[in-house]
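Student: To start, I am sharing the structure in question, which I have written as C-alpha cells.
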Amino acid sequence: MDNFMALLEGFSVAMQPMYLLYALGGVLVGTAVGVLPGIGPAMTVALLMPITYSLDPTAAIIVFAGIYYGGMYGGSTTSILLNTPGESASIVTALEGNKMAKAGRGAAALATAAIGSFIAGTVATVLLSFVAPYVAEFAVQIGPTEYVALMIVAFLTVGALLGASVLRGLASLALGLFIALIGVDALTAQQRYTFGNPFLADGIDVVLVAVALFAVGEALYVASRLRHGPVKVIPVAGRWTNWMRKEDWKRSWKPWLRGTFIGFPVGTIPAGGADVATFLSYASERKLAKGERKKQFGKGAIEGVAGPESANNAAAAGVLVPLLTLGIPTTATAAMMLVAFQRYNIQPGPLLFEVEGALVWALIASLYVGNLMLLVLNLPLVGIWVKILQIPRPYLYSGIMVFAAMGAFSVNFTPVDVFVLLVIGVLGFFMRRYGYPIAPMVVGLILGPIFEDQLRRSLAISQGDPTALVSTPIAATIYAVLIVIFALSFWLKKRQKAMESEVADETPVATVELKEGGK
Amino acid sequence: MSSSINEAPGGSGTKAATARPLGELVFAGMIVGVGVVGFIAGAQIPIPPSAGVVGPRVFPFIVSGIMVAIGIGLVIQLLRGHTGAAEEGEDIDPNVKTDWLTVGKLVGFLAIHIALIVPLGWPVAAAVLFFGAAWSLGAKPWWRNAIIAVVLALILQFVFAGLLGVSLPAGFLLEGVEIFNG
C-alpha cells in the first residue's frame with residue numbers, strides 16, 4: 001500500500017501543468033524521432049542531454065521518459081507505412097503491418113499497433129510500479145560480487161546476443177570498455193591511456209561518443225548508400241474513428257494481452273531486449289492462428305501486428321526494471337537514460353527508491369500520462385507523422401549532422417569535442433559497414449567504469465582470489481541463469497532464421513497481388 | 001517511380017559484400033592493434049603504493065586481452081570467408097555501390113564546421129555545415145539549401161542560446177543581437 005501512496009504522490013507531481021507540458025514535448029519529440037529513419041530514441045536522449053542542462057532533474061527525466069515511450073510508438077508507423085522493397089523482409093515482425101498497408105489495410109494496422117502499444121504500455125507500467133520496489137528491496141542485499149555477476153550477464157547478452165555475429169558484438173563491447181578506460185583511474189588517480197595529452201586526461205565524454213556513433217556514424221553510413229528519389233509512403237484512407245472494424249478488434253485483443261505478458265518479463269531479464277520479445281510474440285501468434293488466418297501470416301495478418309507491437313512496448317517498460325533497481329541498462333536507450341540520471345547526480349540502483357523516491361515515482365507516473373498522450377496523439381495525428389516521414393533525406397541527414405555538431409559542442413564548448421565527434425563518427429561508419437552492432441559499445445562505455453569499480457571491490461574483499469567471484473550462492477545462480485539464457489537464445493535465433501526464410505518464401509506471391517492494388 | 005517498385009524484393013546486400021573483405025580485415029586487424037597498444041601502454045600505468053590487490057592495470061589488461069583474442073578470432077573468420085552483414089535501414093539502398101565521394105564531402109564539411117566555430121561563430125559554422133551536407137547528399141536547388149541552412153542555424157541559435165542559455169558563440173556578425181545571446 002505504501003507504494004500505491006507513493007505512486008499517487010508521483011501523479012500529483014507529474015500532473016502539474018508544467019510537467020505535463022514537458023511530458024507532451026517529450027512524447028512529441030519521441031514519436032517524431034521514432035518515425036524518422038536514422039534517428040532513434042537513444043540518439044535523441046544523447047543529443048538533448050547537453051542542451052537540457054537548464055531544466056530541473058524531474059523535468060529532464062520526464063522529457064526523456066516521454067522520448068523513450070514515444071520512440072516505440074513512432075517506429076511502428078514507419079515500418080507499416082514506408083515502402084522500402086526487399087528490405088523489411090529481414091525483419092519478420094515489421095512485415096505484416098507493411099503488407100497490410102499495401103493491401104489497403106494500413107489504417108487498421110496503425111490502429112491496432114497504437115492501441116496495442118497503449119494497452120501493453122499501461123499494463124506493463126502497472127507491473128513496473130509493483131515489481132520494481134520488490135526487486136529494489138532484494139537488490140539492497142546483494143554485494144559487489146553479485147553486481148559483477150549481473151553486469152557480466154548484461155555485457156554478454158547485449159554483446160553476444162543482440163547482433164548477428166557474436167564476435168562482432170563482443171568486439172564492439174570491448175571497444176566501448178576501452179574508450180571508457182581513457183582518463184584518470186577513479187581509485188588510484190593514475191592516468192590511463194592518455195599518452196600525456198591533457199585533453200584525454202579528462203576522459204572522453206560518454207555523450208560525445210554516443211552522439212558520434214548514433215548520429216554522425218549513421219549519417220555517413222546512409223550517405224554512402226543513400227536510397228535516392230522521393231520517399232514512398234503508402235497512403236492511409238478514411239477517418240481514423242472507423243479504422244478498426246469489429247472483426248479487427250476481435251482478432252486483436254488477445255494478441256495485445258499475450259504480447260504484453262511476453263514482452264514485460266523478456267524486457268526485465270537482460271536477454272536481448274525488445275527484439276527477442278517481438279519475435280517471441282510473432283512466433284506464438286503465428287503458431288496459435290488457425291485455418292484461413294494462419295495463411296494470412298506473411299501477407300498481412302493483423303495478429304502479427306497487434307502482438308509484436310504490444311510486446312515491443314511492454315519490453316520497453318520491462319527494461320526499466322533492471323535500470324531503475326540495479327542500475328543496469330540492457331539496451332542502448334536505457335544506457336543513455338542511465339547517463340541522463342548520472343548527469344543529475346542520481347545513481348540508479350537499489351537505493352534509488354529510497355533516496356530519490358519522489359523523482360522515481362514522478363517518472364513512473366509520467367509514463368502512464370505519456371502513454372495516454374501517445375494514444376491520443378498517434379491516431380488522429382497520423383497525417384503529421386506521415387509528413388515528417390516524407391522529409392527529403394538530404395535535409396534530414398544534414399539536420400542530423402548539425403544537431404550532432406551542436407550537441408557535441410555543447411558538452412564543453414570547445415571545437416576539440418566536435419573533432420572527437422568526427423573521429424568517432426567515422427569509426428561508427430565503419431562499424432555499420434562491417435556489421436558491428438553499436439549498442440554493445442555504448443553499454444560497455446557506460447557500464448565499464450561501474451563494472452571495474454565493483455570488480456576491484458569484490459577482489460579486494462577476497463584479497464585477490466578470483467574464485468570468490470563465483471562462489472557466493474547468488475552469484476553462482478546468476479551465472480547458471482546466464483548459461484540457460486545463452487542456450488535459449490541460440491535456439492531462438494535458429495528458429496528466427498528458419499521462420500524468416502519460410503516467410504520470405506511466401507512473400508513474392510503477396511507482392512505480385514499488391515502491385516495491382518497498391519497504387 | 002516505376003522502376004524501383006518492380007525490383008525483386010528478394011535481392012539482398014550480398015552483392016556489395018564480396019568487395020569488402022580487405023577493409024574488414026583491416027578493421028579486425030585494427031582491433032588487434034588497439035589491444036596490443038592497450039597492453040604496452042597499460043604496462044606503463046604507474047602503480048601507487050596505496051593501490052590494493054587489484055591496481056589500475058588489471059582491468060586495462062583484461063580489456064586489451066579480450067580485444068586481441070576477439071580481433072584474432074575475427075581475422076580467422078574473415079579468412080575463412082565469413083564476412084559481416086552490413087547494417088540495413090529504411091534509407092539504405094542495398095543495391096548500390098559505396099559512394100565514397102559523398103562520405104568524404106560530409107567529413108570535409110564537418111571539418112570546415114569545426115574550423116569556423118571560433119572565428120565566425122556557431123550560427124555561421126552551422127549554416128555552412130547544413131548547406132554543405134545537403135549539397136553533398138544531392139539536395140537541389142542550391143539557393144533553397146542555402147535558405148534552409150541560414151534559417152535553421154538562426155532558429156537553433158535563438159532557441160538554444162537565446163532561450164535555453166546554452167553558450168553557443170554567436171560570432172561577430174550577431175554579437176550585438178540580443179535574442180541570439182543567452
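Student: I want to check the label-to-label distance for B:Val37 and A:Ala468. Put each point 7 Å from Cα in the C-beta direction and report it in nm to one decimal.
Tutor: Simple spin-label model gives 3.5 nm for this pair.
Student: For the stretch A:1-64, what is the convex hull volume of its Cα atoms per residue in Å³?
Tutor: 93
Student: A further question follows. List the trypsin sites (Lys or Arg not before Pro) in the stretch A:287-376 that DSSP assigns to loop (not H, G, I, E or B) and whose Cβ has at most 13 other Cβ atoms within 10 Å. Which are they?
Tutor: A:Lys290
Student: Using the Cα centre of the stretch A:2-518 as origin and beta-carbon charges of +1 (Lys, Arg) and -1 (Asp, Glu), tell me which of A:Ile328, A:Ile80, A:Leu469 is placed farthest towards the positive end of the dipole.
Tutor: Farthest towards the positive end: A:Ile80.
Student: Only counting other Cβ atoms within 10 Å, I'd like A:Ser54, A:Ser252, A:Ser117 sorted with the fewest neighbours first.
Tutor: So the ranking, lowest neighbour count to highest, is A:Ser54, A:Ser252, A:Ser117.
Student: Can you compute the helix-only [θ] at 222 nm over chain B? Use -39500 (n - 2.57) per DSSP H run of at least 4 residues, normalise by all residues, nearest 500 deg cm²/dmol.
Tutor: Using -39500 (n - 2.57) per qualifying helix, the result is -19000 deg cm²/dmol.
Student: What does the charge count near A:Ala124 come to, summing +1 for each Lys or Arg and -1 for each Asp or Glu among other residues with Cβ under 14 Å from its Cβ?
Tutor: 0
Student: So what is the calculated 222 nm ellipticity per residue for chain A, using -39500 (n - 2.57) for each DSSP H run with n of 4 or more, over all residues, to the nearest 500 deg cm²/dmol?
Tutor: Counting only the DSSP helices, I get -24500 deg cm²/dmol.
Student: May I ask you to evaluate 6.51 cos²θ - 1.76 cosθ + 1.60, the Karplus curve with θ = phi - 60°, for each residue of the stretch A:294-310 and list the ³J(HN,Hα) values in order in whole Hz, giving x for glycine and proline?
Tutor: 4, 5, 6, 4, x, 10, x, 8, 5, 4, x, 9, 4, x, x, 5, 5
Student: Exactly which GluC sites (Glu not before Pro) in the stretch B:68-139 are in a DSSP loop and have at most 15 other Cβ atoms within 10 Å?
Tutor: none
Student: Checking the cross-link filter: which aspartates and glutamates have an alpha carbon closer than 16 Å to that of A:Lys295, excluding same-chain neighbours under 8 positions apart?
Tutor: A:Glu96, A:Glu285, A:Glu303, A:Glu500, A:Glu502, A:Asp505, A:Glu506, A:Glu513
Student: Given the protein assembly as shown reduced to its alpha-carbon atoms as identical point scatterers, what log10 I(q)/I(0) does the Debye formula return at q = 0.12 Å⁻¹?
Tutor: Calculated log10 I(q)/I(0) at the listed q: -1.49.
Student: If you put +1 on each Lys and Arg Cβ and -1 on each Asp and Glu Cβ, how big is the dipole of the protein assembly as shown around its Cα centre, in Debye rounded to 20?
Tutor: That gives a dipole near 2120 debye.
Student: May I pose another question? Do the alpha carbons of any pairs in A:Lys232/A:Lys287; A:Lys246/A:Lys494; A:Lys102/A:Lys250; A:Lys294/A:Lys387 sit beyond 27 Å of each other, and which pairs?
Tutor: A:Lys232/A:Lys287; A:Lys246/A:Lys494; A:Lys294/A:Lys387
Student: Here's a follow-up. On the principal axes of its Cα set, how long, how wide and how thick is the stretch A:166-235? Give whole Å, largest value first.
Tutor: 61, 30, 22
Student: Considering the convex hull of the alpha carbon atoms of the stretch B:14-79, report its projected area averaged over all viewing directions, in nm², one decimal.
Tutor: Mean projected area of the Cα convex hull: 5.1 nm².
Student: Is the C-alpha gyration tensor of the stretch B:100-180 telling us rounded, prolate or oblate? Criteria: a/c under 1.5 is rounded; beyond that, a/b larger than b/c is prolate, otherwise oblate.
Tutor: The shape class here is prolate.
Student: Which of A:Val148, A:Val184 comes first, and how do the rest follow, when ranked by fewest Cβ neighbours within 10 Å?
Tutor: A:Val184, A:Val148
Student: Let me ask something additional. Counting C-alpha atoms alone, how compact is the stretch A:420-497: give Rg to one decimal and Dmax as a whole number, in angstrom.
Tutor: 17.8, 46
Student: Points 7 angstrom from Cα along the Cβ direction at A:Asp56 and A:Glu502: gap in nanometres?
Tutor: Between A:Asp56 and A:Glu502, the label points sit 5.5 nm apart.
Student: What FRET efficiency would be calculated for the residue pair A:Asn242, A:Leu372, taking the C-beta separation as r and a Förster radius of 22 Å, to the nearest 0.05?
Tutor: Efficiency computed from Cβ-Cβ geometry: 0.50.
Student: Still on this structure, I have one more. By counting other Cβ atoms within 10 Å of each Cβ, how are A:Asp205, A:Asp56 ranked from fewest to most?
Tutor: By the 10 Å Cβ count, ascending, the order reads A:Asp56, A:Asp205.
Student: Any chance you could check the Cα centroid distance between the stretch A:1-76 and the stretch A:113-151 for me, in angstrom?
Tutor: Comparing the Cα centres of the stretch A:1-76 and the stretch A:113-151, I get a distance of 18 Å.
Student: For the stretch B:47-56, take each phi angle, set θ = phi - 60°, evaluate the Karplus expression 6.51 cos²θ - 1.76 cosθ + 1.60, and give the result in whole Hz per residue in order, putting x for glycine and proline.
Tutor: After applying 6.51 cos²θ - 1.76 cosθ + 1.60, I find 9, x, x, 6, 4, x, 4, 10, x, x Hz.
Student: Ok, one more. First check a/c for chain B, with a ≥ b ≥ c the square roots of the eigenvalues of its C-alpha gyration tensor; if it is under 1.5, answer rounded, and if not, answer prolate when a/b is larger than b/c or oblate otherwise.
Tutor: Note, shape of chain B comes out oblate.
Student: Also, quick follow-up: Of all the stretches in chain A, which is the longest one without any exposed loop site, taking chymotrypsin sites (Phe, Trp or Tyr not before Pro) in a DSSP loop (any state but H, G, I, E, B) with at most 14 other Cβ atoms within 10 Å?
Tutor: By the stated rule (loop sites, at most 14 other Cβ atoms within 10 Å), A:196-412.
Student: Quick one: divide the alpha-carbon radius of gyration of the stretch A:174-283 by 2.2 N^0.38 Å and tell me what you get.
Tutor: 1.81
Student: Summing +1 for each Lys or Arg and -1 for each Asp or Glu, what net charge is found among the other residues whose Cβ lies under 15 Å from the Cβ of A:Pro57?
Tutor: -1
Where a number appears in this text, it was derived from the coordinates with a stated rule and is not lab data. Quantities reported herein were computed from a predicted structural model and do not represent experimental measurements. As a convention, Cβ positions derive from the backbone with ideal geometry for all residues, glycine included, and neighbour counts pool all protein chains shown.
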